[in-house]
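Here is the structure we will look at, set down as structure tokens.
The values are calculated or read from the model by the stated rules, or taken from the named source; none is laboratory data. Remember, it's a predicted structure, so these values are computed and weren't measured experimentally. No Cβ is skipped: glycine too gets one built from the backbone with ideal geometry, and neighbour counts run over all protein chains shown. Accessible surface is based on the protein model in full, side chains and every heavy atom, while ligands, DNA and RNA are left aside. Shrake-Rupley method; radii C 1.70, N 1.55, O 1.52, S 1.80 Å.
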Amino acid sequence: MNIGIYSIRGGKGGKELKQGLPKLMTELNRRQFHVLYTNDVENDPESLLRAVSATKTSSDNIDTVVVLGGNDQKSGGKLYNTLCQLCSPDFTPAKQYINSLNQEKSEADDAQPLQELKSNGQSRSNAVSLGDVGKGCEAYCFFYGKLRIVALPDSSASGVAAAEMIKEALDSASLRAPLPLDSLGEMGLGYEITQVIDGQNGKKKKKGGFIKSVIPMKGDRPAEVIRKLILIAASLTFIITAGFLINYLVIQPMLNDSMVDELRDTISTTEPRVPVNEQPTDADGEVDETPKSSKDWDSIKEINDEIAAWLTIPDTQIDYPVLYHEGDDIDDQYYLYKDVYGNYSGYGSLFIDYRSKGDVDAKNVIIHGHHMRDGRMFQNLMGYGIYSGDLDYYKEHPVIYFDTPEGDADWKIIAVYKTNTLDEHGEYFDYLTGSFNSDAEFMNYVYLIRERSLIDCPVDVNEDDQLLSLSTCSYEYSEFRTVVVARKCRPGESGDIDLDKARVNPDPLWPDVYYSSNGGTKPKVTSFSQAYEAGEIDWYDGEGDLKGYERAFTLHDAADAAAAQNRNSSSSSSSSSSSTIKEKSISFDYDELTLDSIGSTARLTVIWNPDNTSDKTLKWTTSNVAVADIDADGVVYAMGSGTAEITAQTKNGKVARCKVTVHQPVTEMSINYSGYDFYEGTSIQLTATVSPSNATDKSLTWSSSNPSVARVDQNGLVTGVSPGHAVITVKSSNNLTLTCEVNILDVP
């Protein structure tokens, strides 16, 4: 079930929610409630209606909206009445009255209006109470078509933490269904109607004119009052619905297009677009001139200093500014539903993910954009393929323009892939990674996205490249993402691509849900180093010999993965035949594993042959627990520096082995002098001490900022050469540094 949460501004619960949201999302995920976004709304009916309308018309497939807080969110309050009116079906008051009165029996002019109408001064909403949540405050569940709206009081009123109220209310609301129309009178929530019907006697008067024919008048018979109320309700419903449709289908697109067109006119210059990679270079391949931009960035920054770049895919509708907000985090993405001026917009803006530290200079610049069904924002990314790659579309749009204040640049597309965000669809691929700890980790990420790509793009990649990842929602399965990845053209490199070499990938790696729905077998994916050594990679043009750990880019911890595996195993065993399938062999995803520090962890995944082996029970052992320990879920724990062998053994004696090397890096350094004066021709001995004492690599590198004044050998012996000043630097193997300033004096 997909959840959106709106917090009423000013409430205590909204502040609690921001602080505890990651933990709450994890707990809700385990209950199959998936929070897609949280937002704040003002404490007034108009803002609440806007928020609910945006949710209902969005493409995020939200099932339930939680409205948290508001001092008057109780029976009779304005927000309560707003939700009641929103969820009161057409003609519900009329049907209620007709059912209770069992039709009028008399149509005489002097018929007396029935007293039941006066006592029934309330209408009924398709909603139910979820009970007392604390201090007499109730929670409610409203039904707006297929959308549930769970209304909760503020924590300050109920005395219960926001997270606890949300969990309990969602559990309860998930069991409720919309009320049948004929049950609303008994079960629906009541609210005050604006037209109060009195029960005074009266004679039928002649009515004339349009107003008298539609407005309840004194002396009207009950049936006439009901008819007029029905007409008024139907007219208001039509007007409101038409207003929402016109706003969504006409006004909002028009305003968005007008705003973007105005921006384009504002920033346009007479300069031709010359990407930085195509500007003149000297004999060493260096760009001779300052990178040029075809856009007026001074004008752009005057509009909004957070506009970081301009993104264009030629001959598509994608031609927009890209923004970066410094305060974004997992709970709040500022431009998700705001335009470049900071105003609310259902289209939102293209914005850089907070995990891309350094925004446009990040190793992987991740950009999010809505998938709007009218073709705006990132919808055109779907042209690259749905369930298979669209080669013709790729050949027409193989390059992305991503221009920044530093200059215009072309980016060549290297991968187009689909990935999941829900646990039940398989292990999550952590594609939202903006920085990398090593070249090996970066190239393993590139390998993993290219193995997933629907198209084999004929573009080389190496460890020095920078990536651009465009991400949008897609609907092959619930909460999927389509991601298009490009790498920046190198200095002096043309943006041309030999498109004749492009191919549709016949066997891209999909999340598990694809294979359970469509059949087939997942391709075996190892790691960049293993695939390269096996000759399976023809797109790498780097220097090789990459250092660092090849991270697998899985997001969830081993316990979650083991629980999912147990669920899958239980499901398979319950539906399979009584025959037992034995394993032929097992192996690890890594033959060798390096952990860079004591206390770090990594997970070993067992690859079964065949994959549908009946009994996947394993016995885990380590050859040296002082170096590396292993738990029942395959998580390796670095205990101390050295090497150890991890073994997994099946009940039938099949074995997989992995050599684990644990490094202990240098964490601290000290030096015997921070400054020293001595005479030319003499020497001093500098001594650097590293800790901890069991560091794997204690080697040091010494250097002098001015060897003509003072030189230093690799043992730290400094010799004065001539009068002057120099800085002596010592560096550890993992780049910790210390310095000593020396002044060389004339010999007296």
- request: Could you list which residues have their amide H under 5 Å from that of Asn364, counting only those 5 or more apart in sequence or on another chain, with H placed in the peptide plane?
  value: Leu467
field: Cβ-derived FRET efficiency at R0 35 Å, Glu262 paired with Asp496, nearest 0.05
entry: 0.55
message: Under a crude label model (7 Å from the Cα following the beta-carbon direction), how far is Lys522 from Asp460 in nanometres?
response: 3.3
field: Two-site label geometry, Glu396 and Leu175: point separation in nm, points 7 Å out along Cα→Cβ
entry: 5.3
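Tell me, what is the FRET efficiency for Thr739 and Lys698 to the nearest 0.05, using R0 = 22 angstrom and their Cβ-Cβ distance as r?
Numbers: r = 19 Å, r/R0 = 0.86.
Computed FRET efficiency for Thr739 and Lys698 comes out at 0.70.
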query: How would Val730, Val133 rank on accessible area, largest to smallest, probe 1.4 Å?
result: Val133, Val730
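Taking a 1.4 Å probe, which of Leu448, Leu175, Leu181 shows the most accessible area, and what order do the others take after it? Can you show the working numbers first?
Values: Leu448 15, Leu175 145, Leu181 90 Å².
In descending accessible area the options line up as Leu175, Leu181, Leu448.
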query: If you take the beta carbon distance between Arg373 and Ser674 as r and set R0 to 60 Å, what does 1/(1 + (r/R0)^6) give as a FRET efficiency, to the nearest 0.05?
result: 0.40
task: In whole angstrom, note down how far apart the Cα centers of segment 407-482 and segment 489-515 are.
output: 11
task: Compute the whole-percent fraction of alpha carbon pairs in segment 589-671 spaced more than 20 Å apart.
output: 35
task: Go through Lys582/Lys659; Lys15/Lys135; Lys418/Lys582; Lys363/Lys616; Lys56/Lys78; Lys524/Lys659 and tell me which ones have a Cα-Cα distance over 31 Å in this structure.
output: Lys418/Lys582; Lys363/Lys616
- prompt: What spacing in nm lies between the two simple spin-label points modelled at Lys651 and Leu236, each 7 Å away from Cα in the Cβ direction?
  reply: 6.8
- request: Please list Glu262, Glu326 in order of solvent-accessible area, largest first, computed with a 1.4 Å probe with all protein chains present.
  value: Glu326, Glu262
